[in-house]
Amino acid sequence: MLKGKTISINWDLLEKLNDSGFQKYVHQPLPCNTVLLENYSNYLDDPFLVGDTKRYSFNGDCFRSRRNISLEKPRGVFRVIILGDSYVYGYGLDDNETLTETLERELNSQGNYSFQVINLGVSCYNTKLEVQRLLEKGLKYNPDVVILAYVRFDYLPDRHTYYIDRFLFGHPRQFSQIQSLVWNAYLNRYINYDTSSKNYSEYKFKLLYNISVTKPLEELVGYSKEYNFFLLVISYSENPKEKSLLLNLSQRIGYPLIFLDKEIGYKAEQPWVLNDKDTHPSVFANKKIARFLFEYLKTHFSK
């Protein structure tokens, strides 16, 4: 328990952060036809992040890429879209170090086909918004494969996660303790349920998971059949509870599921992450994941 601590949350701001207002109040749309050079050691609101200047390129359709992608898929081209949050977007990495560019190089190294891998990752997005982004940005590119990257806590409401995490970065030493207090305050305010019940925490989790993960994945499976693309879900999460739910859901509605910790030994520690204070995937991790995905896709499509 944190004694003598007063936590001030701008609930009015949270009220404004509905789905339509999220971009306006917190997460600005990604730029178009722009190259950004950023050094995270200069960010006061992200005091944990340090590093060299990184290059971020955005194409004319406002997703991270050093080239524009034609809407019409050229003959002989095989397209892969990867959905996700900052793990896929490539937070803290140069353009050529992202998972999408690393996988595209791996796929094209064989010379049998021409592959394009499209990066639809957006920082702070959860599964629900990632599926929406596929509808808004991805389907028009006629993908052959869609890979959704699940990250731990993807069941949380993204817009509130971003705001509360910005608040928590101001209290780094008590981060985990304050995080628990703040999220309980948020959930008690927005979910009408008997908080004295011993099943309260489980209820909160299941409710959020159903809204942000289960229903979007059910929709995504439906889109894969309607638009005729192969769907694959990969999970970075090492949490047993989340892994169990993902596995049960995959068995119920039918999508291939890969746990990266099981298949390639992925862990939220170095050398798999950027550094001791930033758990975003490293160049090492992206190379390992890309190699695994290459072998998986090669095996699947050679059948």
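What nm value, rounded to one decimal, do you get for the distance between residue 248 and residue 284 when each label is placed 7 Å out toward the C-beta?
Computed distance between label sites residue 248 and residue 284 equals 3.5 nm.
Name the residues whose placed amide hydrogens come within less than 5 Å of the amide hydrogen of residue 121, ignoring near sequence neighbours (fewer than 5 apart) on the same chain.
Under 5 Å from the amide H of residue 121 lie the amide H atoms of 84, 89, each far enough along the sequence or on another chain.
Would you mind checking 54/262; 267/288; 54/288; 241/267; 54/287 for any pair whose Cα atoms are more than 23 angstrom apart?
Violating the 23 Å limit, Cα to Cα: 54/262.
How much FRET efficiency would the formula 1/(1 + (r/R0)^6) give for residue 108 and residue 211, where r is the Cβ-Cβ distance and R0 is 41 Å, rounded to 0.05?
Efficiency at R0 = 41 Å is approximately 0.60.
FRET efficiency for residue 153 and residue 75, Cβ-Cβ distance as r, R0 = 41 Å, nearest 0.05?
Approximately 0.50, to the nearest 0.05.
Read the figures in this text as sums done on the coordinates, not as results from a lab. Computed from a prediction, not measured in an experiment: that's the story for all the values here. Don't worry about glycine lacking a Cβ; one is built from the backbone with ideal geometry, like all the others, and counts go over all protein chains shown.
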